[in-house]
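The values are calculated or read from the model by the stated rules, or taken from the named source; none is laboratory data. Everything numeric here is computed off the predicted structure, so don't read it as measured data. Neighbour counts run over all protein chains shown; Cβ positions are idealised from the backbone, glycine included.
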């Protein structure tokens, strides 16, 4: 690995850092609201990002900026310093990123024209409907939603929840995962279909908070019912029975993108911790001179550097040997990085005292985001189980 930035990455970094200073940070104070809709200023930020050439940076190939994972990593880290604003402003926010990747890789030309194009343009939002309240959704093969063939149509019946983006008024399309053949082999029972939000039978039952936050800045989360929803056969993504494989292809890049942004969140937290420690003097001695606070600061820097190096290695492997070849590293960062950043944020909150849990700093919302990512895209325990089994298999093969 070459640890230096190439000229393309350096150019994007300079422009993105300037964009953050000029547009993103000044917008933070008035950005959050208690509604499910993103603040109106987001459209102004998106227009500014387009003008600056900072658009769809996450997507490689002809549909996006054409950056590699290694080139995108430091850019995503920068956006992670303000995760409620910057990713959405650059059209690099989940769940749209993963949905665009699915449509770019598996969508038909007609599906790409109808749905991928407006998503790339940022004129609509989308949602990915997989998680369900009645089953252990950490095992995606458990999903109970049915997708049944009826002539030239598919009929969808099921119950989903925590469907990110579904509360956004501009969410126009759902990618829904359900079972087309419950009798098939375990990993080919599922398929994915496109369901326009306004299709009869789709009911957004309620918005769902995350640690009390609406997450309205990126579309919110919703409980959604699909009651006899009928869509044409042409809305199937890929092949019948290909849903699980598509979901895994979707989650690989999503996991590393989250981790890239988490590094930026940690850097922001450390910056705020240091600033606070230098500005407060309890009991006649600055916080910055307290041994326990110095320990937190030093430990935070060490943990950030460790996490960043592992994320960069995973990105480099994805570029050089593919997502499957980087499977171990992707799981490793998904286990390590959210826990690491959660710890750093906790110490930053502690340094701030009461101010750390309120709305006057971004720390509380950043902590909620980091803690949530220990569940999103697979909980820690599932990744540890899979990683341990893969590690053990190396020795089983050697001893057989």
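Quick notes on this one:
- Residue in region 207-221 that is crowded, with 22+ Cβ neighbours inside 10 Å and either modelled with pLDDT of 95 or more or assigned to a strand (DSSP E or B) (or both) present: yes
- Of the criteria (1) surrounded by fewer than 22 Cβ atoms within 10 Å (Cβ to Cβ); (2) modelled with pLDDT of 95 or more; (3) within 20 Å of the chain's Cα centre (by Cα), which one residue 327 fails: (2)
- Members of region 349-366 that are closer than 20 Å to residue 210 by Cβ and touching a residue at least 60 places away in the same chain (Cβ under 8 Å): 359, 361, 362, 363, 365, 366
- Members of region 76-111 found to be assigned to a helix (DSSP H, G or I), out of contact with any strand residue (DSSP E or B) (no Cβ under 9 Å at 6 or more places or on another chain) and over 16 Å from residue 25 (Cβ atoms), listed by number: 76, 97, 101, 104, 105, 109, 110
- Of all the listed residues (311, 292, 302), the sole one being modelled with pLDDT of 95 or more and surrounded by 13 or more Cβ atoms within 10 Å (Cβ to Cβ) is 311.
Here's the yes/no breakdown for (1) buried (at least 16 other Cβ atoms within 10 Å of the Cβ); (2) touching a helix residue (DSSP H, G or I) at 6+ places or on another chain (Cβ under 8 Å); (3) assigned by TED's automatic domain parsing to the domain that holds residue 321; (4) in a helix (DSSP H, G or I):
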| position | (1), (2), (3), (4) |
| --- | --- |
| 1 | no, yes, no, no |
| 11 | no, no, no, yes |
| 14 | no, no, no, yes |
| 18 | no, no, no, yes |
| 21 | no, no, no, yes |
| 25 | no, no, no, yes |
| 30 | no, yes, no, no |
| 37 | yes, yes, no, no |
| 50 | yes, no, no, yes |
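- Boolean, residue 148 is closer than 16 Å to residue 232 by Cβ and in contact with a strand residue (DSSP E or B) (Cβ under 8 Å, 6 or more places away or on another chain): yes
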